[in-house]
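Right, one structure below, let's go through it.
The values are calculated or read from the model by the stated rules, or taken from the named source; none is laboratory data. All values reported here derive from a predicted model rather than from experimental measurement. As a convention, Cβ positions derive from the backbone with ideal geometry for all residues, glycine included, and neighbour counts pool all protein chains shown. We work out accessible area using only protein heavy atoms, side chains counted, and drop any ligands, DNA or RNA first. Shrake-Rupley method; radii C 1.70, N 1.55, O 1.52, S 1.80 Å.
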Amino acid sequence: MVGGTAARAGEEADDEVIRRLLAAAAVLLMVPLSAEPLKVINREEATIRRMATRFAETWNAHDMDAMAALFADDADFVSVGGVHLKRRQQIRDEHATLHQMQFKGSTLTVEGVTVRFLKPDVALAHIDWRIEGDRDPDGTSRAPRTGVMSWVVVRKANEWRIASSHNTNVRETPLAQ
């Protein structure tokens, strides 16, 4: 029996070695052979995040030409009021008009950005924002408010542009379930 116990102990040790080798192999299979694809995605995500920052910078400078340059020529923009703007020029013109009065003294702050790649050249971005100093159409001051912009961002010729933007105010309380 003593020899049988020693044999079983040796088999258990062999089994343990095999389990550890399989575990190590599984871990290695999860690690990419190159970190380059991860670096590319991180670089692309950083570019999209910078676009959100740039959007706020151009808004705060009331430079609608620079803001419009972030959009694709054939972009769509749905405002918080449900107005559907089509094409870069209309997006620029409508915002330029609004920045002459309603948004003249406004400050837009980006509070958060999330990016999810749908394809290597298409991403969905959600931009959490806060605005202060804007006015109603009659000139009445508005209370500061928050919202979310959903962007579909596309890369063409190594340049990222907003293809679609849908902007909405965040409700103070969620709708009843």
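General remarks:
- Among residues of region 137-159 that are closer than 21 Å to H95 by Cβ, those with a beta-carbon under 6 Å from a residue that is outside any strand (DSSP E or B) and open to solvent by 60 Å² or more (accessible area, probe 1.4 Å) at least six positions away or on a different chain give the pairs T146/V170; G147/V170.
- G82 passes every criterion in (1) without any contact (Cβ under 8 Å) to a residue 24 or more places away in the chain; (2) buried (at least 17 other Cβ atoms within 10 Å of the Cβ) apart from (2).
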